[in-house]
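Readers should treat all values here as calculations from the given coordinates under stated rules, not as data from a laboratory. Computed from a predicted model, the values in this text were never measured in an experiment. Ideal geometry is used to build each Cβ from the backbone, glycine not excepted, and the neighbour counts take in all protein chains shown.
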Amino acid sequence: MTDQPEVVVVRWPGRSPSDEGGLAELLAAYHLRTEAEKGEAVAGVDGLPDRYRAEILDPRTAFGGDVVLVALSGDTAMGCLVVTAPVGGRAELKRLWTDPACRGRGIASGLVGAALAHAAENGVETVGLSVWTWRTGVIALYERLGFTVTESWDERDQLVCMERAL
């Protein structure tokens, strides 16, 4: 038996501005790790490409038309996921990240489940995502949650595109 606090997934930005710090930290960790995995490691947020730095510095603007889900334990942000605004019955999942110290607790699957429920509530028929080939653990998670590999819609090398019908 464990005494781990309950993790709650909230739709952000419906929370107070104080929650932006936790989201910004999660996004920074995600982007810094991704750049390192691509062989383009940078020392800090200032070294990230402008588009990624903008997400970290001003997520409300960067994801203005999207829904950001944040997994919280108390006031601590433990994970995040962006669900893009639907276009033509389709939405995309982006920026799935769980704080490495919090992994193994079902946070990522909880975020994806909440994202799928949100998409279905908003008339989305298909949810897509792209993931780097070396992220085999998250690819396996997506497959367990019903996503299948599909033809790529992204020109970048080493990117796997996946979809799931709702």
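Mean shadow of the chain, computed from the convex hull of its alpha carbons, in nm²?
Working: hull surface 40.9 nm².
Over all viewing directions, the chain projects a mean Cα-hull area of 10.2 nm².
Which value, in debye to the nearest 20, gives the size of the charge dipole of region 8-165 about its Cα centre, when Lys and Arg are +1 and Asp and Glu are -1 at the Cβ?
Details: 16 positive and 22 negative charges, 82 e Å.
In debye, rounded to 20, region 8-165 gives about 400.
What does a probe at residue 34 reach in region 112-128, counting residues whose amide N is under 16 Å from the point 7 Å along Cα→Cβ?
128
So what is log10(I(q)/I(0)) for region 79-166 at q = 0.22, 0.25 1/Å, when the Debye sum runs over its Cα atoms only?
-1.13, -1.40
Over region 54-114, what number does the Rg to Rh ratio reach, with both radii from the alpha-carbon atoms and Rh per Kirkwood? Walk me through the intermediate numbers first.
Details: Rg = 12.3 Å, Rh = 12.3 Å.
We get a ratio of 0.99 for region 54-114.
Provide the net charge surrounding residue 88, with neighbours chosen by a C-beta distance below 14 Å and charges set as Lys +1, Arg +1, Asp -1, Glu -1.
Working: positive: 90; negative: 92, 125, 163.
Local charge sum for residue 88: -2.
In the chain, which longest range has no GluC sites (Glu not before Pro) that are both DSSP loop (not H, G, I, E or B) and surrounded by at most 15 other Cβ atoms within 10 Å?
On the way: sites that count: 6, 40, 125, 151, 155.
Value returned for the longest uninterrupted segment is 41-124.
With point charges of +1 on the Cβ of Lys and Arg and -1 on the Cβ of Asp and Glu, referenced to the Cα centre of the chain, which listed residue (72, 27, 113) lies farthest in the positive direction of the dipole?
Value computed over the given set: 113.
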